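Here is the structure we will look at.
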Amino acid sequence: MGNSSEFQKAVKLVIDTVSFDKDSTVQVFEATIRVLGSLLSAHIIITDTKQPFGDMTIKDYDNELLHMAHDLAVRLLPAFENTKTGIPYPRVNLKKGVPPDSNNETCTAGAGSLLVEFGILSRLLGDSTFEWVARRAVKALWNLRSNNTGLLGNVVNIQTGHWVGKQSGLGAGSDSFYEYLLKSYILFGEREDLEMFSDAYRNIQNHLRRGREACNEGEGDPPLYVNVNMFTGQLMNTWIDSLQAFFPGLQVLIGDVEDAICLHAFYYAIWKRYGALPERYNWQLQAPDVSFYPLRPELVESTYLLYQATKNPFYLHVGMDILQSLEKYTKAKCGYATLHHVVEKTKEDRMESFFLSETCKYLYLLFDEENPLHKSGNKYMFTTEGHIVSVDERFRNSLWQDILPGEEDSAEKIKPHELKAVNFSSNCNRVPEERRYLLPLKSNYMRQIDQMVGLI
Ligand code: DMJ
């Protein structure tokens, strides 16, 4: 937001007051994406003399945030020990390690989306440990995919490698696993990450996507990505969850903008109906299955990325609509509140940190056309928690190839300038100028979607 003095104040406050030496049991995934990610992001900005955000210097800065990130990551490491598969435990006590009564079951997203933060940390410190354990977890999960469909389930036993949750979908338990395969590739240029992502994307299209072929130019059936059994590809239920609304944003990053437009429109129709996204929406019953809305960012995130890709003012309209419903239904005396029930509009005394780091940030950036971020080309990428990290030579050390397991040829590493196929910060170049304004709005198509969600 260009507010250097507040940034400097906040960094100082964190350095002076935060300690991870606490007898506290945390979720490895949440601590990584929320805490480790924000420390690394701020450190990267502070130490980059060429960053475009104004005066971000911290007087006498001595890499304190990096040291804190290191300290936290070391406290998370016990989660990766004593697991037969290499897939980490879901929780760890910051002082005592894995609790004795710890659960052996974890979700795919929780265990398999640590690579961006752990990889950055490793490459900044020159210590491969963190990337090594995170990468081992991704590969272990990947190797457990079904021979038949190539899909992964949503819950796995970390000792036996047995799938406890056989549901394959794009929402809770799976979402960021896919996101981080692509984002790890963008950051580190390791070809195996792109290969896994491409395979996964193909399997998603083959087994999860319903609706007639393409939705080109707003014709055809709206796409719906359903939850299926990972081994058979059979439909498991008739709901989609609000976390899945991140997927159009990911599709923008890989250039599948037209499918992204169609899927986003479906979620927007649900938002229009309730002024929020219910946690689960049953597309058969046209009603919420789970009715709360904890101020999640996914729809705004996709809206922002689609606006960057198309520059179609429709997305400003969507953003305004979302902003107005947040103001109307969730504003509370000291912040914004989780909606306990999207129909009754009752509130809970709870505001998740992702409301600030993602929901508000993406809304702000959507309308801030002149933000330096938008003028820096492909230099920055968002982590799954909305923290910005630079796509940087620093993270592409070719020596790394010798240290990481299973890598043979350092010549295989992809250089940043080869990343043309993945124009990650915005894919506007992929949509021809003259079509940008036309893309999202075919009224018969929108009507079809409105009907599907019971709006009309
Ligand atoms: C965020 O914490 C992250 O985006 C995560 O990957 C899943 N979704 C939540 C917010 O809904």
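Scan segment 235-289 for residues that are acidic (D, E) and more than 16 Å from G173 (Cα to Cα) and the total you get is 4. Across segment 241-295, the qualifying residues are those that are buried (at least 24 other Cβ atoms within 10 Å of the Cβ) and in a strand (DSSP E or B), and the one among them that is nearest to the ligand (Cβ to nearest atom) is Y293. Away from the ligand (no atom under 16 Å from the Cβ), surrounded by fewer than 21 Cβ atoms within 10 Å (Cβ to Cβ) and under 25 Å from Y180 (Cα atoms), is that true of K84? So K84 fits the description; yes.
Evaluating V116 against the criteria (1) touching a His at 6+ places or on another chain (Cβ under 8 Å); (2) within 21 Å of L187 (Cα to Cα) leaves one unmet condition, (1). If the condition is being assigned to a loop (DSSP other than H, G, I, E, B) and either within 16 Å of the ligand (Cβ to nearest atom) or in contact with a Leu (Cβ under 6 Å, 6 or more places away or on another chain) (or both), then segment 372-386 contributes T383, T384, E385, G386. Residue count for segment 321-339 satisfying the condition of being assigned to a loop (DSSP other than H, G, I, E, B) and without any contact (Cβ under 8 Å) to a residue 12 or more places away in the chain: 2. Only one of the listed residues (F53, F29) is under 26 Å from the mean Cα position of the chain (by Cα) and away from the ligand (no atom under 16 Å from the Cβ). That residue is F53.
Looking across segment 110-140, the residues that are assigned to a helix (DSSP H, G or I) and under 22 Å from G169 (Cβ atoms) come down to G110, A111, G112, L115, V116, A137, V138, K139, A140. On the given criteria, is T303 assigned to a helix (DSSP H, G or I), in contact with a Lys or Arg (Cβ under 9 Å, 6 or more places away or on another chain) and touching a residue at least 24 places away in the same chain (Cβ under 8 Å)? Considered against the rule, which asks whether it is assigned to a helix (DSSP H, G or I), in contact with a Lys or Arg (Cβ under 9 Å, 6 or more places away or on another chain) and touching a residue at least 24 places away in the same chain (Cβ under 8 Å), T303 comes out as no. Within 16 Å of the ligand (Cβ to nearest atom), part of a helix (DSSP H, G or I) and of a type outside the set (D, E, K, R) - does that describe any residue in segment 87-109? Checked segment 87-109: at least one residue is within 16 Å of the ligand (Cβ to nearest atom), part of a helix (DSSP H, G or I) and of a type outside the set (D, E, K, R).
For segment 314-344, the set of residues classified as more than 15 Å from Y364 (Cα to Cα) and surrounded by fewer than 16 Cβ atoms within 10 Å (Cβ to Cβ) consists of K328, K331, A332, K333, C334, G335, V343, E344, listed by residue number. Comparison of G153, G171, G233 shows that the only residue that is in contact (Cβ under 8 Å) with a residue 24 or more places away in the chain, away from the ligand (no atom under 16 Å from the Cβ), assigned to a loop (DSSP other than H, G, I, E, B) and within 30 Å of Q451 (Cβ to Cβ) is G233.
In this entry, R145 passes the filter for residues that are in a loop (DSSP other than H, G, I, E, B) and under 23 Å from the mean Cα position of the chain (by Cα).
When each of E352, E344, E327 is tested for being modelled with pLDDT of 95 or more and within 16 Å of the ligand (Cβ to nearest atom), the lone residue that passes is E352. Confirm whether V318 is of a type in the set (V, I, T), in contact with a helix residue (DSSP H, G or I) (Cβ under 8 Å, 6 or more places away or on another chain), more than 14 Å from the ligand (Cβ to nearest atom) and part of a helix (DSSP H, G or I). Against the criterion (of a type in the set (V, I, T), in contact with a helix residue (DSSP H, G or I) (Cβ under 8 Å, 6 or more places away or on another chain), more than 14 Å from the ligand (Cβ to nearest atom) and part of a helix (DSSP H, G or I)), V318 qualifies.
The values are calculated or read from the model by the stated rules, or taken from the named source; none is laboratory data. Nothing here was measured: the structure is a model prediction, and the numbers come from that model. Ideal geometry is used to build each Cβ from the backbone, glycine not excepted, and the neighbour counts take in all protein chains shown.
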